[in-house]
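**Student:** Right, I'll just put the structure down here and ask away after.
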Amino acid sequence: MLKKILIFPFILLVRFYQVAISPYTPGVCRYTPTCSQYTVEALKKHGLIKGGWLAIKRIGSCNPWGGSGYDPVP
């Protein structure tokens, strides 16, 4: 229960981005699932610390010199 309470504000921020910002920017995510979907899944599966770290690593690698393709949450 505590895990859900801690991750809720972060998931809310990602959902806000998905609804209010993402539709107005070009779709450039190199991965499947997208970085925002990956972040929500990682937070739900691993919690705030590990899920947040996985999300940061994923977003950091989403650039022209990073990887691409199918990359599910471990």
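The values are calculated or read from the model by the stated rules, or taken from the named source; none is laboratory data. Since this is a predicted model, take the numbers as computed values, not measurements. Every residue, glycine as well, gets a Cβ built from its backbone with ideal geometry; the counts of neighbours run over all protein chains shown. Surface accessibility is based on the protein's heavy atoms, side chains included, excluding ligands, DNA and RNA. Shrake-Rupley method; radii C 1.70, N 1.55, O 1.52, S 1.80 Å.
**Student:** Which residue is least open to solvent (accessible area, probe 1.4 Å), if the candidates are limited to the stretch 37-74 and must be over 25 Å from MET1 (Cβ atoms), part of a helix (DSSP H, G or I) and in contact (Cβ under 8 Å) with a residue 12 or more places away in the chain?
**Tutor:** The extreme case among them is ARG58.
**Student:** Please verify whether the stretch 16-34 includes one or more residues that are touching a strand residue (DSSP E or B) at 6+ places or on another chain (Cβ under 8 Å) and open to solvent by less than 80 Å² (accessible area, probe 1.4 Å).
**Tutor:** Yes: the stretch 16-34 contains one or more residues that are touching a strand residue (DSSP E or B) at 6+ places or on another chain (Cβ under 8 Å) and open to solvent by less than 80 Å² (accessible area, probe 1.4 Å).
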